[in-house]
Amino acid sequence: MDLSVGLTGKVAVVTGGGGVLCAQMAKALASQGARIAVLDINEQAAQGIAAEIVTAGGDAVGLAANVVNRPSLLAAREAVLTAFGSIDILINGAGGNSPKATTSEERSFFELAQADMQFVFDLNFFGTVLPTQVFGEVMAAKGAGVVINVSSMAAFTPLTRTIAYSAAKAAVSNFTQWMAVHFAHHYSSKLRVNAIAPGFLLTEQNRFLLTDKLTGQLTPRGQKIIDATPAGRFGEADELIGAVLFLCSDASSFISGAVIPIDGAFSAYSGV
Ligand code: NAD
């Protein structure tokens, strides 16, 4: 599949770039000629992905940064500007859930600790807002740039068990619209903010939750997801790439404030 959009010379900051999905996004952006700052709380992971990009002939730096800590983000911004001199694209990819903020057989809703829910809410919501403040300020000063947030199916209708994650991703989708309007009203219509909302992807992290290790058959949870996905299959992580490249490129120059499901029609299906 030829997905070339031409991002030569653009500088992209990818938070959570050491992780499964955002590492792929970082590599895809690099393949289009963008220079990449891979940011992650796990410095080793960030540097590892940056090294892979460089080995493949791209230009990248790997930096430690905590998306819920403004001083850490400001230090990363300095490092990015020193390395590349500019910022054109921000992918707000860092995020995730925690079992402690999820109801289960062992932990009822009534027992969930505020601090545990707060951790997940802050990581996903403020972990999107703070980098947009810190890196978006550079783009606002230039009057051009692209922000892509990572929402989730949990944002449209909450998923069972994941109370804080669902709430935070709904807030991420809401913030995507708010920020798109704010940038356009107060700075420039060339500052665009969109989100992708991945559906259910089979990655190494969830493979054995969704499929049986020995037989490869679907688990009951995996079967439920497939039944609710009109496409009848899980997505692959690299199926997010087309939308990311499109949203980063001038091909989407009139698209801002959109939350794009990449979900095999999961979010469109009522179940009937
Ligand atoms: P992942 O755990 O592989 O990657 C997340 C990365 O974020 C990790 O490298 C982690 O070290 C980093 N990180 C965590 N806390 C951080 C912090 N405070 N500061 C900086 N970096 C931090 O997860 P993934 O599956 O690649 O998910 C990436 C994004 O996609 C997340 O926002 C997630 O919520 C979202 N998402 C994932 C799926 C899925 O099916 N995997 C579906 C919908 C949305």
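The values are calculated or read from the model by the stated rules, or taken from the named source; none is laboratory data. Keep in mind it's a predicted model, so treat the numbers as computed, not measured. Here Cβ is always computed from backbone atoms with ideal geometry, including for glycine, and neighbour counts include all displayed protein chains.
Residue-by-condition table, conditions (1) within 13 Å of the ligand (Cβ to nearest atom); (2) of a type outside the set (Gly, Ala, Ser); (3) outside any helix (DSSP H, G or I); (4) in contact (Cβ under 8 Å) with a residue 12 or more places away in the chain:
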residue	(1), (2), (3), (4)
Val147	no, yes, yes, yes
Pro158	no, yes, yes, yes
Ser173	yes, no, no, yes
Met179	no, yes, no, yes
His182	no, yes, no, no
His185	no, yes, no, no
Val193	no, yes, yes, yes
Ala197	yes, no, yes, yes
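So, of the residues in the stretch 231-271 that are of a type in the set (Ser, Thr, Tyr) and either buried (at least 17 other Cβ atoms within 10 Å of the Cβ) or in contact with a His (Cβ under 9 Å, 6 or more places away or on another chain) (or both), which turns out to be nearest to Ser189 (Cα to Cα)? Checking each candidate, the answer is Ser256.
Within the stretch 131-145, the residues that satisfy the criterion of being within 15 Å of the ligand (Cβ to nearest atom) and either surrounded by fewer than 18 Cβ atoms within 10 Å (Cβ to Cβ) or not β-branched (Val, Ile, Thr) (or both) are Pro131, Gln133, Phe135.
Of the set (1) under 21 Å from the mean Cα position of the chain (by Cα); (2) under 17 Å from Asp88 (Cβ atoms); (3) not in a helix (DSSP H, G or I), all apply to Ser189 but (1).
Comparison of Thr128, Thr103 shows that the only residue that is over 20 Å from Gly16 (Cβ atoms), among the polar types (S, T, N, Q) and surrounded by 14 or more Cβ atoms within 10 Å (Cβ to Cβ) is Thr103. For Val172, the test of being modelled with pLDDT of 95 or more, of a type in the set (Val, Ile, Thr) and within 17 Å of the chain's Cα centre (by Cα) is passed. Residues that are within 17 Å of the chain's Cα centre (by Cα), hydrophobic (A, V, I, L, M, F, W, C) and within 21 Å of Gly9 (Cα to Cα) within the stretch 64-103 comprise Ile89, Leu90, Ile91, listed in sequence order.
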